[in-house]
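Worksheet for the structure shown next.
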Amino acid sequence: MEALAEGLLYNCPKFIIKIFCSYVMLIKFLYDLCKENSDRDCKVETIPILRLLKSFDFVSYLRLIEILGVINHLNTTLQRKDQDIINSMNQVSGSKKTIQEIKDVGWVHL
């Protein structure tokens, strides 16, 4: 089962995008739930989850997954037999730009 999950994760950049969208939606939902609900038990359960999801380690792993998705796409493209040197260089340049954009945006959207 774990190998299947890893295969899905690294073979599908759309899956990575869904992770980020779900992450943002989950943070907003938990924050609203905690803010609107006056039930103490709900807050006791929700606040630690919010802290975990906002922790540096968790967000760092999400960033790493995003970068690995870009690298995996480049790797898969470069291994194709029909690639010539010009297309390969364009793929490398495009991947470098994408990773630079990830770096430039930083942690803002997370």
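Each value in this text was obtained by applying a stated rule to the coordinates, not by laboratory testing. These numbers were taken from a predicted model, which means no experiment stands behind them. Note: ideal-geometry Cβ built from the backbone for every residue, glycine included; neighbour counts use all protein chains shown.
General remarks:
- Prolate is the label for segment 71-110, because a/c, from the alpha-carbon gyration tensor with a ≥ b ≥ c as root eigenvalues, is 1.5 or above and a/b exceeds b/c.
- Taking 0.36 nm per residue of sequence separation and removing the Cα-Cα distance, the L52/I85 pair yields an extension gain of 7.4 nm.
- Cα→Cβ-extended label distance, 7 Å offset, between M25 and Q100, nm: 3.4
- Rounded if a/c under 1.5, otherwise prolate or oblate - segment 24-110, Cα gyration tensor axes: prolate
- Summing charges over all other residues whose Cβ lies under 14 Å from the Cβ of R63, with Lys and Arg as +1 and Asp and Glu as -1, gives -2.
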